[in-house]
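The numbers here are math on the coordinates, done by the rules we state, and not lab data. From a predicted model like this one, the values you see are computed outputs, not experimental measurements. Counting neighbours? That spans all protein chains shown, and the Cβs are built from the backbone with ideal geometry, glycine included.
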């Protein structure tokens, strides 16, 4: 019903429904490739269904996680590279699930922007689908939102939501079984992963550095956009090997802030910093920002993306399980008694 005034359409307001439909059509084949037992990975319904019984669980607990990748998105926009951050998004969610001993089952994404660029959005979501397939997690739905006026032109943001399941008697951490002498196994990271990028971007701006600048046989942008490792397959293999009592995903807060979260009162983590070599990108951050070693360890993963707490007798079998799954794992310390105080990390040696 008209009013005699010039009409204003939804597209005039900055929202292009046709572009959204085109995006769904483009990404649907990638989502279908993530199908697994329990779901058909179909898109387009009002909600996604998952059948736990069909997935083989008998007495499961559900584990849920939601996360984003922070201002790493801004680096991807500035570098015009959109094929890697989908893996970052999936990894930040599923890695938090697997450290509870759970298998990620399904994933949903949220992509919000000022105006939808179908090509860019498709690259991001196709990356999400590839990462989901790599860790056996079905991409069963998502939301693409155009919000002109809320986001600046060319900007977008991401959020991810993952749900997993674990049999009731297999939940991690098993704090009641931990004791002094249990070994800490570090699993190498691929770089900065997805935490600390506000500081990284501040360094780039303060030093007037280009993402195209050469760095470690690549460009600075390529190194900084290296995606977060998906630890799902390797961590589940390590748990299956036996002897794993706890797993910590090392994100914002570094080893200092994350490892104590899986430890009981009465035990500290004694970590030997000489057990691994600080990757060049962290040495660059420390040098450019003038950060002390303690600040680095409280802010970045510093080359350790995952830590396993393991029975000493299972050390080699767990390291071998990570290795067979393609990850570099090695002892970095042990648990020590602390007179029933809250757990903390005690470091020896220095990052080199």
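Compute the long axis of helix 197-206 from its Cα atoms, compare it with the longest principal axis of the Cα atoms of the chain, and write down the angle in degrees, 0 to 90, nearest 10. Roughly 80 degrees between the two axes. Extending 7 Å from the Cα toward the beta-carbon at both residue 274 and residue 212 defines two label points whose distance is 4.4 nm.
Give me Rg/Rg_expected for the chain, where Rg uses Cα atoms only and Rg_expected = 2.2 N^0.38 Å with N residues.
Values: Rg = 21.9 Å, N = 352, 2.2 N^0.38 = 20.4 Å.
This ratio for the chain stands at 1.07.
Ranked by the mean number of other Cβ atoms within 10 Å of their residues, highest first, the peptides 240-247, 336-343 come out as 240-247, 336-343. Residue ranges 181-187, 76-82 sort as 181-187, 76-82 when ordered by packing (mean number of other C-beta atoms within 10 Å per residue, highest first). With neighbour counts taken as other beta-carbon atoms within 10 Å, the residues 133, 33 rank, fewest first, as 33, 133. Mean residue ellipticity at 222 nm, helices only, the chain: -9500 deg cm²/dmol; runs of at least 4 DSSP H residues each add -39,500 (n - 2.57), and the sum is divided by the number of residues.
By average Cβ neighbour count within 10 Å, what is the ranking of 300-306, 119-125 from highest down? Display every interim value, and only then the final one.
Numbers: 300-306: 26.3, 119-125: 19.4.
Ranked by mean Cβ neighbours within 10 Å, highest first: 300-306, 119-125.
Express in nm, to one decimal, how much length is gained between residue 176 and residue 53 on full extension, taking 0.36 nm for each residue of separation and deducting their alpha carbon distance. It would help to have the intermediate numbers written out before the result.
Details: separation 123, 0.36 × 123 = 44.28 nm, distance 2.97 nm.
Gain on stretching residue 176 to residue 53: 41.3 nm.
Per the Debye formula on identical point scatterers at the alpha carbon atoms of the range 17-170, with no solvent, log10 I(q)/I(0) at q = 0.14, 0.17 Å⁻¹ is -0.65, -0.92.
Per 0.36 nm of contour for each residue apart, how much would the distance between residue 155 and residue 233 grow if the chain were fully extended, relative to their Cα-Cα spacing? Present the calculation step by step, with values, prior to reporting the outcome.
Numbers: separation 78, 0.36 × 78 = 28.08 nm, distance 3.29 nm.
Additional length available on full extension: 24.8 nm.
In the chain, the longest principal axis of the Cα atoms and the axis of helix 280-289 are about 80 degrees apart. Note: relative contact order over the chain, using C-alpha pairs below 8 Å and six or more positions apart, is 21 percent.
What's the whole-number percent of alpha carbon pairs in the range 175-348 lying beyond 19 angstrom? Each step should come with its number before you reach the end.
Details: 8473 of 15051 pairs.
When every Cα pair of the range 175-348 is considered, 56 percent fall beyond 19 Å.
In this label model, residue 168 and residue 80 are separated by 5.6 nm, measuring between points 7 Å along each Cα→Cβ vector.
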